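In what follows, a structure is listed as structure tokens, so that the remarks can point back to it.
The values are calculated or read from the model by the stated rules, or taken from the named source; none is laboratory data. Everything numeric in this text was worked out from a predicted model, so none of it was measured. Cβ atoms come from the backbone with ideal geometry, glycine included; neighbour counts cover every protein chain shown. For the accessible areas, the whole protein counts, side chains as well, though only heavy atoms, and no ligand, DNA or RNA atoms are used. Shrake-Rupley method; radii C 1.70, N 1.55, O 1.52, S 1.80 Å.
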Amino acid sequence: MKGFRLNPDKDYVAQIIAGIQHKNGHCPCRLKTDDTTLCPCDEFISSGICKCHLFLKEDELLKKS
């Protein structure tokens, strides 16, 4: 998605990816598993909100560096 980058913390990303694999492609931060929670979830696609912080806004990354 434009304006977002993968979280630069490789260990954190590995944990989230493992959670996604464990939940068969669904966001590990969501309790329910349906078509709206497949990663990237509908909330991220429509609103730019990634609850598990796998994807971060580019401007937030620039502020931290």
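Can you tell which of GLY3, GLY19, GLY25 is at positive phi and within 12 Å of the chain's Cα centre (by Cα)?
Only one candidate passes the filter, namely GLY25.
If you scan the stretch 15-44, which residues turn out to be out of contact with any Gly (no Cβ under 9 Å at 6 or more places or on another chain) and closer than 24 Å to LYS63 by Cβ?
GLN15, ILE16, PRO40, GLU43, PHE44
Which of the residues that make up the stretch 48-60 are open to solvent by 40 Å² or more (accessible area, probe 1.4 Å) and among the aliphatic types (A, V, I, L, M)?
ILE49, the sole residue that qualifies.
What tally of residues in the stretch 23-42 results from selecting those that are in a helix (DSSP H, G or I) and either exposed (fewer than 13 other Cβ atoms within 10 Å of the Cβ) or touching a His at 6+ places or on another chain (Cβ under 7 Å) (or both)?
Residues that pass the stated criteria total 2.
What residue, of ILE20, ILE16, ILE45, is open to solvent by 90 Å² or more (accessible area, probe 1.4 Å), β-branched (Val, Ile, Thr) and not in a loop (DSSP other than H, G, I, E, B)?
ILE45 is the lone residue from the list that is open to solvent by 90 Å² or more (accessible area, probe 1.4 Å), β-branched (Val, Ile, Thr) and not in a loop (DSSP other than H, G, I, E, B).
May I ask you to say which residue of LEU56, LEU62 is outside any loop (DSSP other than H, G, I, E, B) and within 9 Å of the chain's Cα centre (by Cα)?
None of the other options fit; the residue is LEU56.
Exactly one condition in (1) at pLDDT 95 or above; (2) in contact with a helix residue (DSSP H, G or I) (Cβ under 8 Å, 6 or more places away or on another chain); (3) open to solvent by less than 50 Å² (accessible area, probe 1.4 Å) is not met by GLY3; state its number.
The number of the failed condition is (1).
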